[in-house]
Amino acid sequence: MVFEKMDSAGYLINHIARLCFQDLREQIAPLGIAPAQFMTLLELWREDGLSQKDLVDLLDVEQATMANTIARMERDGLIERRPRPEDGRSHSIYMTEKAKLLEFEATNAARRVNEEHLSVLSDEEQKQYIQIMQRIIAGRRNSKK
């Protein structure tokens, strides 16, 4: 039996993710940010002052990956780390004014990428597609508990 990649959910999801990633990278590169930085900023735009552990949990990435992203963002002047009063070993991550000013353009770039990728679907299909992906993610999270 031959494995048909175009019938594989895993292959198709990965392929779509790579296409979205590439398009997002192109759209936000002129803003001086990379996709990993954008994902981190999305969380900080929602709630500034999160810990690195909070970001690891919210973004479901490895600790080392987040540490590297935070280091690059600090180097690029997007964030600053401040010690947490309740735990001297931990830091809160705060956006700089530079990062705050990027929100409008960066989120609009992401919207354009989403709209372009979903444009082949009807409005109803787009809603269903998003709902199905949300259910898959929720199901995976629940099964890991």
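With the Kirkwood sum run over all distinct C-alpha pairs, segment 66-145 has a hydrodynamic radius of 16.2 Å.
Rolling a 1.4 Å probe over the protein heavy atoms leaves R112 with an accessible area of roughly 120 Å². Annotation: Y94 carries an accessible surface of approximately 60 Å², with a 1.4 Å probe and no ligand, DNA or RNA atoms counted.
Entry comment: accessible area of segment 1-115 is 64 Å² per residue, from protein heavy atoms only and a probe of 1.4 Å.
With distances taken between every two different alpha-carbon atoms, segment 27-104 has a Kirkwood hydrodynamic radius of 12.5 Å.
Between the helical axis of 63-75 and the longest alpha-carbon principal axis of the chain there is an angle of about 60 degrees.
If I take every Cα pair under 8 Å that is 6 or more residues apart in the chain, average their sequence separation and divide by the length, what percent do I get for the relative contact order?
Working: 101 pairs, mean separation 31.4, N = 145.
Rounded, it is 22 percent for the chain.
The portion of the accessible surface of the chain made up by carbon and sulfur, rounded to a whole percent, is 53 (1.4 Å probe; DNA, RNA and ligands excluded). Only helices enter the 222 nm calculation for the chain: every DSSP H run of n ≥ 4 contributes -39,500 (n - 2.57), and dividing by all residues gives -22000 deg cm²/dmol, rounded to 500. Spatial offset of segment 21-65 relative to segment 70-104 amounts to 12 Å, using the alpha carbon center of each.
Rounded to the nearest 10 square angstrom, D57 shows an accessible area of 90 square angstrom against a 1.4 Å probe.
Under Stokes-Einstein, with the Kirkwood radius over Cα pairs as Rh, the value for segment 4-145 at 25 °C and 0.890 mPa s is 145 µm²/s. Pairs with C-alpha atoms separated by more than 27 Å, drawn from the list K53/K144; K98/K127; K53/K100, are K98/K127.
The values are calculated or read from the model by the stated rules, or taken from the named source; none is laboratory data. This structure is a prediction, so every number in the text was calculated from the model and none was measured. Heavy atoms of the whole protein, side chains included, go into the accessibility calculation; ligands, DNA and RNA do not. Shrake-Rupley method; radii C 1.70, N 1.55, O 1.52, S 1.80 Å.
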